[in-house]
There are 2 protein chains.
Amino acid sequence: MGLARRLENLVSPTPADIDIANSVQPLPIGIIAQDLGLKPEDIHFYGPYKAKVLLSARERLKDVQDGYYIVVGGITPTPLGEGKSTTTVGLCQAIGAFLGKKVVTALRQPSQGPTFGIKGGAAGGGYSQVIPMDEFNLHMTGDIHAITAANNLTAAAIDARIFHEATQSDKALLNRLCPADKEGNRKFAPVMLKRLKKLGITKTNPAELNPEETKAFVRLDFDKDQITWKRVVDVNDRFLRKITVGQGPEEKGMTRETGYDIAVASEIMAVLALTTSLADMRERLGNMVLGTSKAGHAITADDLGIGGALTVLMKEAINPTLMQTLEGTPVLVHAGPFANIAHGNSSIVADQIALKAVGPGGFVVTEAGFGADIGLEKFMNIKCRYSGLKPHCAVIVATIRALKMHGGGPDVSPGKPLDHAYKAENVELVRAGCSNLVKHIQNTKAYNVNVVVAVNVFVTDTEAEIAVVRQAALEAGAYDAVACTHHSHGGKGAVELAIAVKKACEEQSGDLKFLYPLNLSVREKIEAIAKSYGAAGIELSSDAEQQIETLTKQGFGDLPICIAKTQYSFSHIPSAKGAPTGFILPIREIKASVGAGFIYPIIGTMSTMPGLPTRPAYYEIDIDIKTGKVVGLS
Amino acid sequence: MGLARRLENLVSPTPADIDIANSVQPLPIGIIAQDLGLKPEDIHFYGPYKAKVLLSARERLKDVQDGYYIVVGGITPTPLGEGKSTTTVGLCQAIGAFLGKKVVTALRQPSQGPTFGIKGGAAGGGYSQVIPMDEFNLHMTGDIHAITAANNLTAAAIDARIFHEATQSDKALLNRLCPADKEGNRKFAPVMLKRLKKLGITKTNPAELNPEETKAFVRLDFDKDQITWKRVVDVNDRFLRKITVGQGPEEKGMTRETGYDIAVASEIMAVLALTTSLADMRERLGNMVLGTSKAGHAITADDLGIGGALTVLMKEAINPTLMQTLEGTPVLVHAGPFANIAHGNSSIVADQIALKAVGPGGFVVTEAGFGADIGLEKFMNIKCRYSGLKPHCAVIVATIRALKMHGGGPDVSPGKPLDHAYKAENVELVRAGCSNLVKHIQNTKAYNVNVVVAVNVFVTDTEAEIAVVRQAALEAGAYDAVACTHHSHGGKGAVELAIAVKKACEEQSGDLKFLYPLNLSVREKIEAIAKSYGAAGIELSSDAEQQIETLTKQGFGDLPICIAKTQYSFSHIPSAKGAPTGFILPIREIKASVGAGFIYPIIGTMSTMPGLPTRPAYYEIDIDIKTGKVVGLS
C-alpha cells in the first residue's frame, strides 16, 4: 500500500477522539481509490473524502482472485463495549501501514440517533479511527436517508391503500388502479402481473376480470391488527414508540395504532446488507412482507405495487462508501442492520468488492456486531450463506475487563465508576472468566475457520493477566492469541496481531461448515443455534408455535434463522456470565424479514427505538463558524 | 458559454419528459463548473452530474460585479400549472445556447412526496428540462434529508425534554443538564449561556444558581397545547396529519396530539432559503420558536440546546447543487420552501453565488412559486429584503388557457378532459381574462422593475389570441410581451423572449421599492399586501388579533409578512378569477417562522401534508435491471 502512512508524534495519554480525528488531514479519496486499484469509472465522488464504489467495479474485477477474508467478532461484552470496531480499524492500519499489504476495512454505517443522544462514536477510537469522523457519523452518503424514504413511502402506501379500499367499490378500485388511456383502454402496470400470477389469474386485460377476480386483485384486504410494517426515523424519538395515526378529519375515523423504529431497524437496511446485485435487491424489496390479509395471506411490497419505486430510491445506496483510516488505508462503509432483530453485519457487496480490489495476498477485514455467539454466528449462517464467501480467519476481541466480569467480577455499567477489581491485577478473576472466551473460540472453530484472539489491552492490564488469556485461548484451539494496543498506538499497536492473522489466513483451508442446513424445520434450526449457546433446549410460546406454522405454510420455512436475544450472555439472561449451560431458551415470538431473507425468533423484548437522556450529546455539538469544523462530537 | 449546445433532431409531437431526458447525455458536472468559472476548490462532487458549490466561491468572487438578475413569476394559474419552471429553463437555454451569454438557472428542489404520488415532475418539461431528471427529483444531494433529520431531532428533543422535566426535581435536572466532571465541577455548555442571558442570569457556575434561578433555567415548561413544532417526512402520508404520540408504556401516559407536515414545509427549509451565511444560519436555527411556555414565553431551539447540532446537520445543505439543462447550461438547485406558509423561492445564497459566477453581462434567472401576487411579492418583500439584491427584470408567464379561464371560461381541473373552449380560438375570452395579467404587471412594475410577459404557447393557441395578450400587456406597461415555444423547441423556442429580457435588464435602473416598510404594525403590513391584491381591507379573527398582540409583545412585530392564501385567485376565493376588487381578506390565524424571519397570516386552510391517490405514480416507477436506468418517472 503506497499510501498507507504510519502515525507519528503520538500523544500520551491518548487525546479525545475528535481531537485525534481533526489532527490528521485526510487524503483525497480519489487517491485512496486509485491506490486500491479502482478506476475513475468505478467511483462516484461525494465530496473530497467520500466516494461511492459502484457495483460495476466488482464486475470489472470478476476474474481477479479474492484476497483473504477476515471477520472480527468479540467475546460476550460488558455494556461499555470491548473495542471491536477499534480493533478492526487498528488491525487494518497495521496490515496496511506496517506489513505493507493491500487491505480494506469493511464497517457498518452508524445510526445518527445515538450520535445526538448518548455519547459514543462508531468510527473506532483513539489512534484507530475512520475519518472524517463527522461525515462518517452524520449523513455519510445518504444511505440511511434513502432507507428511511423507502421505508416510509411503503408505510404511507399501506395506510392510503387501506383507506381507498374502505371507501370504494371493487369496480371503482379497478378503474382507478388501471386507468383508461386516451383510447379508453385499460392495462395492468408491469408490477401488477406478479400479483395476478400469485392469484392464479392469467388474464392480461383488466376489462376481462370477472367480479371474483376483480375483488381478489384490487383488495389487498389488510388485517389492521396484522400489519408488521412500521415507520422509521433515524432519531432517538421515544415518543414515537407507540402512536395512533389517522386522527385527522379527512381520514374519516380510520385510526390505527402503530409505531416507529429507528431507521437502521428497517427491513430495507437488512435487505441492503444481504443483497448481491441490483436485480437481487429489486426482488428482495418486492418480496418484503408488510402484513397479512384478513384471509391470512402474506401481503408483499409488490402486491402494493411499490417494489420498483423502492429500488429506485435505493439505487445509489447499493454502492458502498469508500473512506479512510487515520493511517490512510481504505475503508468501505455499508449498511448497519441491527444485530438482534437483524444480522448485524455490513454488506455482502462491500465485502465482495473489497476482496476483488485487494486481490490475492490482500486482506479484507469485516466486523460482525455484538458477541461472537450472535454476530459471528449470523455472519456465518446468514451472510456467508447468501454471499458464498468463506472467511480465512476469525478474530475474537477480548478485554481483561470483560473476562474479569465473566469470572465473577462486580457489575459494570455505563455512567458508574468502574470497580477497583477492574483496575488492579486479579489473575484468578481473569482465569475464571476465560470460560466465555473458550466457548466463543470453540463455537467459531466449528465453522472450520482459524481463530485468532486479540486482547485489546488497557493501561491497567498486567502481563500476568494477558498470559492467562493467551494460554486459555491456545488450549481452546485458537490459532494464536495476541495482545494489542492500537487504541493508544494506532497500527503500530496491532502489528503482532496483523502477523498472526496473516499466518492464520495463509494456513486456512477447507470449506465453511454451517451450523445447520436450511432444510431443517424452523424449530430444529433454532435448536441447533440454541445448543451452540450451551442451552439444553428451547421452549416455544404458543404464539411462537403458531407463527412457525403460519410462516412454514406461507412457504418461508427454509429461511435461515436470526436470533434476537441479549448480547450480554450466551443465554437469554443478561446476568448469566461466563459460559452458562443447561438453560432452556424461551422463544416468545417468531417474526420474519422475508425480503431480507431470514426468520427472527425473539427472546425477551428488543428495543428498536432508543430515547434521549436529560442532557443529550447535542448540547455540546456545534459548528465553529470561522473554520466550518464540527466541535463537540464524540 | 462555450459548453451550451443547441438541441438537434427535435421530435414532434414532443415525447414524454423522461424519454427526452434520457435521450441527452449530460456533460460531466466538473466541465459545467469550469465553464462557469468555478475552480476545483469551489465544488464538491456528488456523483458525475451533480456538485455542491461551496459558499466560499461567493467569497472568492466577491469583487466581481453581479450579473443581471431576473425573476420569473406567473399569472394566477389554473390547477394544471402554466409552465413557469419550463419557461425558466427554456429562457436560460436560449440565453446560453443561442445568445451565447453566461447564464445560471436558479431552481427550487422538489419534494419527493408528489413524485411518487400524483404524476408531475418539477424539472421543467419537454425540451426544457434539468437533467438527470431522476436525480433532480429524488434525493438530489440530500438537502431535504438533512432538513428532515434536523427537524425531527428537534421534535424528539421537545418531547423528551417535557418527559424529563415532568419526572425530575429542579435540582436533579440541573445536575443532569450540567454534569460534574472528574473533579466534581459542573459547568454550563456554551449554548446554555444564551438562555441564561435571556433569563437575566449572569452567573457562570451552575453551583451558584439559587432555587428560583435553577427553576427558571432548567424548566422550559412547554405548554403542551402551544407546541408549534411538528415532525416532518418527505412522503405524502395523510395518516400522519393528526396523530397521538407517547402511547408506549415507558412514556407513562404522557400522550400528546400532534402531526406531521411534508418535509419541505419545515421552518428549517425556509431558513435554508433565506440564510446568507453559515453564521447567519446558526443564528436563525437557534432562534426558531418551537412553542410557548406556560407563562407565555417563546421557547427557542437554543433554549433546548439544539441550535448547534441543527447547524451541524445542515452544514452541507447550505451549499447549492449544480446541475445542467438539456442544452448544457448550468443550474443551481437549492431549497424548496412552501409558497403559502413560506415564501416559495429558491435560496438567497444560490442566487448570490450565481450572480458572481456569471459576472457582469451574464444572467441569473430565478423562479418564484405560485402566481406573482404570492411568489413575486414574497420574492421582493422577503427574499430581496434579506439578500439586498434587486432584480433587473421580472418575467410573468401567461398561457392562453389560463387567460381564457380568467375571462370566464369553464372550470379547469386535473384528471378532467379540457373543455372545448380551451382548444379552439376564442379571442373574447382571452381579452376578458387579460385583467388578471394586467393586474400582475401593474403590481410588479410598482417595485420599479421592468416586466416582460412570456406567453407559453400551446399548439392550440392562435396568432390572434396571442396578439390580444401582447397588446394588453404593453398597454399595462410591460416592457415587452413575447410568445415562446421552448417546451417543444428548447432554447430555440425562447430566443425572442431572451432578447426581450436582455434589453429589459440593460435598460433597468433605480432602486427596488418595497410594498411596505418593516416598521409598520403587523396589521398595516398585511393591509398593504391585501390592497395589492385588490382587497378593500382585511378582517382579523379574534384569534389573529390576539396572536398579533403576542407576537408583537415577544418582539417579532418588525418581521416581513408572508401571506398564506390560495394561489388560484388574487383574493381568498379560488373561484374569483380575473382581477377581483372590493373584497375583504379574512385572516383566520397568524403564525410566525421567527428563525426563518417572517410572520405568516393564514387565510383559509392550508394543507401541509398531501395524500396518495388510489393508483399512485409509484406503480409505474421501476429500475431497468440491465441498464440501471429509472423508468416510469414523469
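I'd like the full set of residues that are of a type outside the set (A, V, I, L, M, F, W, C) and open to solvent by 10 Å² or more (accessible area, probe 1.4 Å), limited to the stretch A:337-347.
Restricting attention to the stretch A:337-347, the residues satisfying the condition of being of a type outside the set (A, V, I, L, M, F, W, C) are A:337, A:340, A:343-347.
A:Asn340, the sole residue that qualifies.
Please determine whether any residue of the stretch A:5-26 is under 16 Å from A:Ala354 (Cβ atoms) and open to solvent by less than 40 Å² (accessible area, probe 1.4 Å).
Filtering the stretch A:5-26 down to residues under 16 Å from A:Ala354 (Cβ atoms) leaves none.
The answer is no, given that none of the residues of the stretch A:5-26 is under 16 Å from A:Ala354 (Cβ atoms) and open to solvent by less than 40 Å² (accessible area, probe 1.4 Å).
Has the stretch A:378-385 got at least one residue that is open to solvent by less than 30 Å² (accessible area, probe 1.4 Å), under 30 Å from A:Leu274 (Cα atoms) and part of a loop (DSSP other than H, G, I, E, B)? Walk me through it before giving the result.
Going residue by residue through the stretch A:378-385, those that are open to solvent by less than 30 Å² (accessible area, probe 1.4 Å) are A:378-384.
Still in the list and also under 30 Å from A:Leu274 (Cα atoms): A:378-384.
Among the residues that remain, those that are also part of a loop (DSSP other than H, G, I, E, B) are: none.
No, that holds for no residue.
Residues checked against (1) hydrophobic (A, V, I, L, M, F, W, C); (2) open to solvent by 10 Å² or more (accessible area, probe 1.4 Å):
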residue	(1), (2)
A:Val438	yes, yes
A:Val449	yes, no
A:Thr462	no, yes
A:Val468	yes, yes
A:Lys492	no, yes
A:Ile499	yes, yes
A:Lys503	no, yes
A:Gly510	no, yes
A:Leu518	yes, yes
### Query
Looking only at residues in the stretch B:297-319 that are open to solvent by 10 Å² or more (accessible area, probe 1.4 Å) and over 27 Å from B:Gly557 (Cβ atoms), which one is farthest from the other protein chains (Cβ to nearest Cβ)?
B:Asn319
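Does B:Ala123 satisfy the condition of being open to solvent by less than 10 Å² (accessible area, probe 1.4 Å), among the aliphatic types (A, V, I, L, M), touching a residue at least 12 places away in the same chain (Cβ under 8 Å) and more than 14 Å from chain A (Cβ to nearest Cβ)? Show your work before the answer.
Details: open to solvent by less than 10 Å² (accessible area, probe 1.4 Å): yes; among the aliphatic types (A, V, I, L, M): yes; touching a residue at least 12 places away in the same chain (Cβ under 8 Å): yes; more than 14 Å from chain A (Cβ to nearest Cβ): yes.
For B:Ala123, the condition - open to solvent by less than 10 Å² (accessible area, probe 1.4 Å), among the aliphatic types (A, V, I, L, M), touching a residue at least 12 places away in the same chain (Cβ under 8 Å) and more than 14 Å from chain A (Cβ to nearest Cβ) - is met.
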### Query
Taking the stretch B:139-172 as the region of interest, how many residues are in a loop (DSSP other than H, G, I, E, B) and either more than 9 Å from chain A (Cβ to nearest Cβ) or surrounded by 23 or more Cβ atoms within 10 Å (Cβ to Cβ) (or both)?
4
### Summary
Okay, strands (runs of 3 or more DSSP E) sitting entirely in the stretch A:532-634 with 1 or more residues that are under 30 Å from A:Lys445 (Cβ atoms), within 14 Å of chain B (Cβ to nearest Cβ) and among the β-branched types (Val, Ile, Thr), I get none
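Can you pull out every residue in the stretch A:177-201 that is more than 40 Å from the chain's Cα centre (by Cα) and either open to solvent by 60 Å² or more (accessible area, probe 1.4 Å) or in contact (Cβ under 8 Å) with a residue 60 or more places away in the chain (or both)? Full working, then the answer.
Applying the first criterion (more than 40 Å from the chain's Cα centre (by Cα)) to the stretch A:177-201 yields A:179-187.
Scanning the stretch A:177-201 gives A:Pro179, A:Asp181, A:Lys182, A:Glu183, A:Asn185, A:Arg186, A:Lys187.
Test A:Ala498 against the criterion of being part of a helix (DSSP H, G or I) and of a type in the set (Gly, Ala, Ser), and give yes or no.
yes
Conditions tested, residue by residue: (1) at pLDDT below 95; (2) open to solvent by 10 Å² or more (accessible area, probe 1.4 Å); (3) not in a loop (DSSP other than H, G, I, E, B).
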site	(1), (2), (3)
B:Gln324	no, no, yes
B:Leu355	no, no, yes
B:Val364	no, no, yes
B:Asp373	no, no, no
B:Leu389	no, yes, no
B:Leu418	yes, yes, no
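Select from the stretch A:121-137 the residues that are among the aliphatic types (A, V, I, L, M) and modelled with pLDDT of 95 or more and write down the one among them that is nearest to A:Gly83 (Cα to Cα). Write out each step before concluding.
Within the stretch A:121-137, the subset among the aliphatic types (A, V, I, L, M) is A:122-123, A:130-131, A:133.
This time we only want the ones that are modelled with pLDDT of 95 or more, so: A:130-131.
Values: A:Val130: 14, A:Ile131: 17 Å.
Out of the qualifying residues, it is A:Val130.
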### Message
What's the number of the only condition in (1) in contact with a strand residue (DSSP E or B) (Cβ under 9 Å, 6 or more places away or on another chain); (2) part of a helix (DSSP H, G or I) that A:Ile299 fails to meet?
### Response
(2)
#### Entry: Residues located in the stretch A:582-612, provided they are among the acidic types (Asp, Glu) and more than 20 Å from A:Gln226 (Cα to Cα)
none
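Please note which helices (runs of 4 or more DSSP H) are completely contained in the stretch B:13-116 and include at least 3 residues that are among the charged types (D, E, K, R) and under 30 Å from A:His44 (Cβ atoms). First the steps, then the outcome.
On the way: elements: B:17-23, B:29-35, B:55-60, B:84-97, B:112-116.
Once the helices (runs of 4 or more DSSP H) in the stretch B:13-116 are filtered for at least 3 residues that are among the charged types (D, E, K, R) and under 30 Å from A:His44 (Cβ atoms), what remains is B:55-60.
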### Task
Confirm whether A:Val72 is aliphatic (A, V, I, L, M) and closer than 30 Å to A:Ala579 by Cα.
yes
### Task
Kindly provide the set of residues from the stretch A:206-243 that are among the aliphatic types (A, V, I, L, M), in a loop (DSSP other than H, G, I, E, B) and either under 30 Å from A:Gly142 (Cβ atoms) or open to solvent by 30 Å² or more (accessible area, probe 1.4 Å) (or both), ordered by number.
A:Val235
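For the condition more than 11 Å from chain A (Cβ to nearest Cβ), more than 26 Å from the chain's Cα centre (by Cα) and of a type outside the set (Ser, Thr, Tyr), what is the one hit in B:Lys230, B:Lys294?
Values: B:Lys230 fails: more than 26 Å from the chain's Cα centre (by Cα).
Residue meeting the stated conditions: B:Lys294.
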### Query
Give me the pairs: first residue in the stretch B:236-248 and farther than 17 Å from B:Ala155 by Cα and among the small types (Gly, Ala, Ser), second residue at pLDDT 95 or above and assigned to a strand (DSSP E or B), beta-carbon distance under 8 Å, and six or more apart or on different chains, which are they?
none
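The values are calculated or read from the model by the stated rules, or taken from the named source; none is laboratory data. Just so we're clear, the structure is a prediction, and the values are computed from it rather than from any experiment. Virtual Cβ from ideal backbone geometry, glycine too; neighbours counted across all protein chains shown. Ligands, DNA and RNA are stripped out before the accessible areas are found, and what is left, the full protein with its side chains, is counted by its heavy atoms. Shrake-Rupley method; radii C 1.70, N 1.55, O 1.52, S 1.80 Å.
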